[in-house]
1. Against the 2.2 N^0.38 Å scaling, with N counting residues, where does the range 1-65 land? I'd like the Cα-based Rg ratio to two decimal places.
2. With the chain treated as a Gaussian network of Cα nodes joined by springs under 10 Å, which of Ser14, Ser35, Ser60 yields the largest mean-square fluctuation?
3. Taking θ as phi - 60°, what are the ³J(HN,Hα) couplings along the range 37-47 by the Karplus curve (6.51, -1.76, 1.60), each to the nearest whole Hz, with x for Gly and Pro?
4. Per residue, how much accessible area does the chain have with a 1.4 Å probe, in Å²?
5. In the chain, what is the count of Lys pairs whose alpha carbons are under 19 Å apart, counting only pairs at least 8 residues apart or on separate chains?
6. How large a share of the accessible area of the chain, in percent, is made up of carbon and sulfur atoms when the probe is 1.4 Å and the other protein chains stay in place?
7. Work out how much length His91 to Lys58 would gain on full extension: take 0.36 nm times their residue separation and subtract the Cα-Cα distance, in nm to one decimal.
8. Tell me what the chain gives for mean residue ellipticity at 222 nm when only DSSP H runs of n ≥ 4 count, each as -39,500 (n - 2.57), the sum divided by the residue total, rounded to 500 deg cm²/dmol.
Amino acid sequence: NKNFVGDLFRDLHSLKLGDTGDLFIFRRKVEDICSRFALVNQCPPKSFLVHQVQNILKTSRYRPTLLDLLLAHDINRTAFLSIDALFPAFHQSDRFGISRSVI
């Protein structure tokens with residue numbers, strides 16, 4: 001059980017989202033890892049997951065969108081409380097053209 005949880009953390013930390021990576025597939029990989037944590041009743045805090053996903057997104061082509069979304073949350077004194085709130089924000093920004101194309 002201990003090795004299993006350690007392997008899940010390694011899986012989570014090793015996730016990448018390349019320049020051609022699909023956000024939907026990336027989200028499914030994160031959700032798969034989260035569901036495996038839940039199977040052994042060892043879910044990390046939501047804030048940890050949000051931070052981990054944001055760090056991965058910062059190294060991807062989604063960086064400009066993420067920074068815009070984080071700035072908007074900072075201005076409004078709010079935050080993403082879960083990955084369930086984070087991913088839909090990307091789809092909304094794509095739909096409404098919120099993101100800058102270059103930083």
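The values are calculated or read from the model by the stated rules, or taken from the named source; none is laboratory data. Computed from a predicted structure; not experimentally measured. The accessibility values were calculated without ligands, DNA or RNA, using every heavy atom of the protein model including side chains. Shrake-Rupley method; radii C 1.70, N 1.55, O 1.52, S 1.80 Å.
1. 1.13
2. Between Ser14, Ser35, Ser60, it is Ser14 that shows the largest mean-square fluctuation.
3. Here the 3J(HN,Hα) series is 4, 5, 4, 9, 6, 10, 5, x, x, 4, 4 Hz.
4. Values: 6640 Å² over 103 residues.
Per-residue value: 65 Å².
5. 5
6. Working: 3650 of 6640 Å².
Of all accessible area on the chain, carbon and sulfur atoms account for 55 percent.
7. Details: separation 33, 0.36 × 33 = 11.88 nm, distance 1.63 nm.
Result: 10.2 nm gained on full extension.
8. Details: 5 runs with 70 residues, N = 103.
Here the helix-only value at 222 nm equals -22000 deg cm²/dmol.
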